[in-house]
1. Can you name every one of the strands (runs of 3 or more DSSP E) wholly within region A:104-200 that holds 2 or more residues which are within 23 Å of A:ALA281 (Cα to Cα)?
2. Looking at A:PRO56, A:PRO48 in this structure, which one is closer than 23 Å to A:ASP107 by Cβ and within 12 Å of chain B (Cβ to nearest Cβ)?
3. Under the condition of being part of a loop (DSSP other than H, G, I, E, B), away from chain B (no Cβ under 12 Å) and not polar (S, T, N, Q), which residue from region A:385-403 is surrounded by the most Cβ atoms within 10 Å (Cβ to Cβ)?
4. Taking region A:14-42 as the region of interest, how many residues are open to solvent by 10 Å² or more (accessible area, probe 1.4 Å) and within 14 Å of chain B (Cβ to nearest Cβ)?
5. If a residue has to be in a strand (DSSP E or B) and under 27 Å from the mean Cα position of the chain (by Cα) to count, how many in region A:226-246 make the cut?
6. Which of the numbered conditions does A:ALA38 fail, given that it passes all the others? Conditions: (1) small (Gly, Ala, Ser); (2) within 23 Å of A:PRO353 (Cα to Cα); (3) out of contact with any Asp or Glu (no Cβ under 6 Å at 6 or more places or on another chain).
7. Is it true that A:ALA53 is crowded, with 24+ Cβ neighbours inside 10 Å and among the small types (Gly, Ala, Ser)?
8. Please work out if A:ILE406 is farther than 30 Å from A:GLY334 by Cβ, in contact with a Cys (Cβ under 9 Å, 6 or more places away or on another chain), in contact (Cβ under 8 Å) with a residue 12 or more places away in the chain and buried (at least 17 other Cβ atoms within 10 Å of the Cβ).
Amino acid sequence: MSEPADLLVVGAGPAGMAAAATALAGGLRVVLVDSGAAVGGQYWRHPPAHARAAIPTDDLHHGLRGYRALCEALSAGRAAGRLELRLAHHVWSAVREDDGFAIHVVDRRRAPQETAGVLRAPKLLVATGAYDRQLPFPGWDLPGVLTVGGLQALLKGGGVAAGSRVALGGTGPFLLPVAAALASRGVEVVAVCEAAHPSAWLRHPGPLLRNPRTWAEGAGYATALARRRVRFRPRTAITGAEGGDRVTAVRIASLRPDGSPRPGTERHVEVDAVGVGWGFAPQLDLLVPLGCALTDSADGNAVVVVGGGQRTTVPGLYAAGETCGVGGAALAVGEGRLAAESVLADSGAAPAPGPKRLAGVRSAVARHRAFARALALAHPIPPAWSSWLTDETVVCRCEEVTAGAIRTARAEGGADDHRQVKQLTRAGMGWCQGRMCGPAVHCLTAGQRGYEPAERLVATPVTLGALADLDP
Amino acid sequence: MSEIVVDGESLPFTEGQTVAAALVAAGRVAWRTTRVGRRPRGVFCGIGVCFDCLLTIDGAGGQRACLVPARPGMTVTTEEGDDE
């Protein structure tokens, strides 16, 4: 693409793909950037194009028809010279400039070699998705304990199961497809421990009834798991993992309504891998330094404030998908489309032609958002989860800061948020910059207030060598 | 099947897999030792967020095994608690 771009899209998951496809349909020139080896994001994670035959993963996916339609739209955009697709490019900073935005990228197509670069456009759309939200428990730092998203990424991206006997735990509907995917690859899924109780859904039946397709998807997983004799255990949790060089067993306990373990219910189950996840945390690293207003979401996360057209509070900056509130792929696709329509309107371009009218997309987005809110309320982080921790439990994996040290920082140092805990204990100061421990440290110190992630000025590490080679 | 070299030993992988996927496929879930507690670590988040899976690839340290695609002949060295 030789002409300057009209729009930068960061993230080629469902939201970013839909946004880019819509902007292309409206005649814009688009640069789509993603850190992965293929488009699709985490939800539609695929092996790189040349490896699809060697690593078959189609049966692990949902909504592949939508994915393929978006892939075709992107291919057509590339063929027409109006889409520049930058895969294996990591964005480490996004900044406002006089006439738009610049994103600083590291090209890692030939990793570990890296090349720094800058991309510019008048408009920026951030669709960076989310990652698994974690709560520590004794033994969660043992090898073989992964996030549920990590188990799924290894399966969908590499065709690899991380164990042969696996227990899953946490909360939220994501546990089900991961259990089904593992079982389909011959893994013995010994337990799916869901902290919430399905009856929590009965408190918000409306959104469930108005989203029959999602309901049917859930029922499909339940059937698949029942057929493979996978035990789904509501109102239980993995409260500990044991092992030496690798996890060998988990402790599973029934939970009281507040999430504390019921005495006498703990059982040992032998495993060689574990997957844990407590919903998702939006990836806001690029949006926070740009100065977007944030708000609290029903799931306890800070999310980006957007209007009906996915415009953030920063002019020219749009967001779509999980960064605006965790809600799944169908919502992300709708928001991506709406965001791109706003870009078209704000650029003075005509709306994108398409089979589905904008009003229909808007009402679908509203329906999915209501569903996401009901989901968040039905699958909360259990209030008493920290009763699983001992003083020796590692909370910050990078700096190896224990729950005891964090409790001391609160009791004796007066720390009442994750920033103060960081100054006193180094929790959140390591490689991951608090992405893993931040929500947990927040819960341990700040109580009911919403979690706002730290501002990270460098979103991914970049070598000084790569920066030194950058043309000014 | 293609191969990478991990700490001097050949490790087969399927084209398209990351270094982490190749290691996990071979049954290895840990390849790093933490600085403070000398504890074993390996793949955790699998998507580049947690930095637990760091190792050295073709002489470049601090690489996330879950992000870097394995390529034939790649030389991988697992780190010994010197991840700063």
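1. Details: elements: A:115-121, A:123-126, A:130-132, A:145-147, A:165-171, A:188-194.
In region A:104-200, A:123-126, A:130-132, A:145-147, A:165-171, A:188-194 are the strands (runs of 3 or more DSSP E) which contain 2 or more residues that are within 23 Å of A:ALA281 (Cα to Cα).
2. Numbers: A:PRO56 fails: closer than 23 Å to A:ASP107 by Cβ.
Testing whether each residue is closer than 23 Å to A:ASP107 by Cβ and within 12 Å of chain B (Cβ to nearest Cβ) leaves just A:PRO48.
3. That would be A:LEU389.
4. 7
5. The number of residues fulfilling the criteria is 9.
6. Every listed condition holds for A:ALA38 apart from (2).
7. On the way: crowded, with 24+ Cβ neighbours inside 10 Å: no; among the small types (Gly, Ala, Ser): yes.
In short, no.
8. Values: farther than 30 Å from A:GLY334 by Cβ: yes; in contact with a Cys (Cβ under 9 Å, 6 or more places away or on another chain): yes; in contact (Cβ under 8 Å) with a residue 12 or more places away in the chain: yes; buried (at least 17 other Cβ atoms within 10 Å of the Cβ): yes.
So A:ILE406 fits the description; yes.
The values are calculated or read from the model by the stated rules, or taken from the named source; none is laboratory data. Since this is a predicted model, take the numbers as computed values, not measurements. We place every Cβ from the backbone using ideal geometry, glycine too, and count neighbours over all the protein chains shown. Only protein heavy atoms, including side chains, enter the accessible area calculation; ligands, DNA and RNA are left aside. Shrake-Rupley method; radii C 1.70, N 1.55, O 1.52, S 1.80 Å.
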